[in-house]
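Colleague: I have a structure here, written as structure tokens, and I will follow up with some questions on it.
The values are calculated or read from the model by the stated rules, or taken from the named source; none is laboratory data. As the structure is a computational prediction, the values presented were derived from the model and not from experiment. Here the Cβ is made from the backbone with ideal geometry for all residues, glycine too, and neighbour counts use every protein chain on show. Side chains included, ligands, DNA and RNA excluded: accessible areas come from the protein's heavy atoms. Shrake-Rupley method; radii C 1.70, N 1.55, O 1.52, S 1.80 Å.
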Amino acid sequence: MSAAAPTCLEIAADVNSRKRSAREVADAALARAEKFQDQYRAFIKITPEIARRHAARVDERIKKGEKLPLAGVPFAVKDLFDLEGVATTYGAKVFADRIAKSDATVVKKLVDAGGVCLGKLNLHECAFGFTGENPTFGDARNPWDPARIAGGSSSGSAIAVALGICPLTLGSDTGGSIRQPSALCGVTGLKPTYGRVSRAGGLPLSWTMDHVGPITRTAADAALALKILAGPDPADETASRRLVPDYPAELSARIRGLRIGVMHRWFFEALDADVAAAVSQGLEKLFSLGARQVEVNLPLLEEALGAHRAIIFPEASAFHRPFLAERSADYADDIRPLLLAGLFMPAVDYLGALRARRIIRREWAKVFENIDVLLTPTTPVTATKFGQQTADLPGGAKPLVRAYLDLTLPFNLTGYPAISNPCGFSKSGLPIGMQLVGRPFSESTVLRVAHQYQQETEWHARFP
Amino acid sequence: MLDLQPVTSETVTSMAVQMLGMPMSQANAGATAALLNGLAADMQALRKLPLGDEEPATTYAAVEGQP
């Protein structure tokens, strides 16, 4: 595969100007989805009838003279978001027959904006894992090397964009599940601020740490998608009523003078050599655009990791408890112990974590007063092989759960916006991502930095 | 306080039945106990953090939809 796939902006321009019909775009995307399905398992279900129904509606609206921000743009959603009439499987046997009665808020928003839904994307079961291995629906495979993991849990969401099936997918992120697969598959993944995007109509992993966001090839497409996705929602009390900025309009402002925070402890102390080199070069590129480095020290990271554990396990288990009681054997072998363990964690630890969360939020806000974004690697290693349990890093082998999530999960606890941006490739040809983290509700800034970087580099434009 | 003792599969099996009414196989109890021990280690720093008079960060509102 080599031909570049069009972006959301390019497709919408073509369909709005009637250069191509939404139906033509949808048919091409569906053909591509089918073509790659057996090898990469990006989808749990491809929905051609729904896609063609959405496309027909878009073509009708365009004929009537409407201009739509996502006119005819094919998208697909992680299979934990509801799509009316289709099972929301959560990637699990337990939920395989759970037919959605209506669309999730985010699905409805994309369709109203002219998007065309191709189907439901593969994920690590119940969004509680980071490899994309799925015994029920097939292992999601890395587009750059099918013998390696795609990452997760939004595995199919990253694969579909990387393969050029569609330029936009939706993922969810509770510890890194948008950013980590985006890094491992070489695409752009945005976890907005907690509350920026409604969670209504999505199955939960952890109510207080789940974030919904777009995966795209470019930061410009992510800005377009976020403008559509963001905003209040009566169905989600945590959805913010703050004004939604015009993210695309703010992309082109220069980044000269922008303060980029760098913290070596925790984020840079144990990296694969190729990752370290790529992220350092990424940082240099941003300096060449006029940004400047500020050394920072985020306190309480060990406490943040513990708080993340103390919250995610009981919240997940609370949701799954009725299903665990009846159908424990139907959960995957790697998921069942996680959900069972959460049943035994003391409530005082959970509440302690929710109390610590306030302290950490306050301390980190002080650090972020002195920087505009924090830059880190998204992951310390590239995609590992299926079955691999540890990553070989300076200082010794590290369990993958620590290697793949330690750099991303702190920002789920605090709810800060963060984007994974392609910034290079390893010597063996695997993608590398760098993470840009902003202050709460500063998506415009992280998107702008990513966009400016992408104007100067072509890592995001490479195809497998 | 005493140092934590490792959680055993026997403890998990008993608690599963006595507190949750959920019988558990030996294999599940063993995997769960191992995980709980790992989680306890990860939460050590959190448990030592002085929390003062901080309240938990929750989202409850007395009127639905009106935080």
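Colleague: Is there a residue being surrounded by fewer than 23 Cβ atoms within 10 Å (Cβ to Cβ), of a type outside the set (A, V, I, L, M) and closer than 25 Å to residue A:239 by Cβ anywhere in the stretch A:112-135?
Modeller: Yes, the stretch A:112-135 contains at least one residue that is surrounded by fewer than 23 Cβ atoms within 10 Å (Cβ to Cβ), of a type outside the set (A, V, I, L, M) and closer than 25 Å to residue A:239 by Cβ.
Colleague: Okay, moving on. Report, by residue number, each residue of the stretch A:346-356 that is aliphatic (A, V, I, L, M), in contact with a Pro (Cβ under 9 Å, 6 or more places away or on another chain) and open to solvent by 20 Å² or more (accessible area, probe 1.4 Å).
Modeller: Within the stretch A:346-356, A:347, A:351 meet the criteria.
Colleague: Would you tally the residues in the stretch A:51-68 being open to solvent by 20 Å² or more (accessible area, probe 1.4 Å) and either in a helix (DSSP H, G or I) or within 15 Å of residue A:106 (Cα to Cα) (or both)?
Modeller: 8
Colleague: Quick one: is residue A:318 within 21 Å of residue B:36 (Cα to Cα), open to solvent by 10 Å² or more (accessible area, probe 1.4 Å) and either more than 10 Å from every other protein chain (Cβ to nearest Cβ) or not in a helix (DSSP H, G or I) (or both)?
Modeller: So residue A:318 passes the test.
Colleague: Quick check: anything in the stretch A:361-374 free of Cβ contacts under 8 Å to residues at least 24 places away in the same chain and within 14 Å of another protein chain (Cβ to nearest Cβ)?
Modeller: Yes.
Colleague: Still on this model: Which of the residues spanning the stretch A:69-84 are assigned to a loop (DSSP other than H, G, I, E, B) and surrounded by 24 or more Cβ atoms within 10 Å (Cβ to Cβ)?
Modeller: A:70, A:71, A:72, A:73, A:79, A:80, A:82, A:83
Colleague: Still on this structure, I have one more. For the stretch A:16-39, name all the residues that are part of a helix (DSSP H, G or I) and either at pLDDT below 95 or over 27 Å from residue A:123 (Cα atoms) (or both).
Modeller: Of everything in the stretch A:16-39, those that are part of a helix (DSSP H, G or I) and either at pLDDT below 95 or over 27 Å from residue A:123 (Cα atoms) (or both) turn out to be A:16, A:22, A:23, A:24.
Colleague: A follow-up question, please. Please specify each residue of the stretch A:176-194 satisfying the condition of being open to solvent by less than 10 Å² (accessible area, probe 1.4 Å) and either part of a strand (DSSP E or B) or within 14 Å of chain B (Cβ to nearest Cβ) (or both).
Modeller: A:188, A:189, A:190, A:191 - these are the residues of the stretch A:176-194 that are open to solvent by less than 10 Å² (accessible area, probe 1.4 Å) and either part of a strand (DSSP E or B) or within 14 Å of chain B (Cβ to nearest Cβ) (or both).
Colleague: Out of the residues in the stretch A:199-253 that are of a type in the set (Lys, Arg) and within 12 Å of chain B (Cβ to nearest Cβ), state the one that is farthest from residue A:340 (Cα to Cα).
Modeller: Going through the qualifying residues, I end up with A:241.
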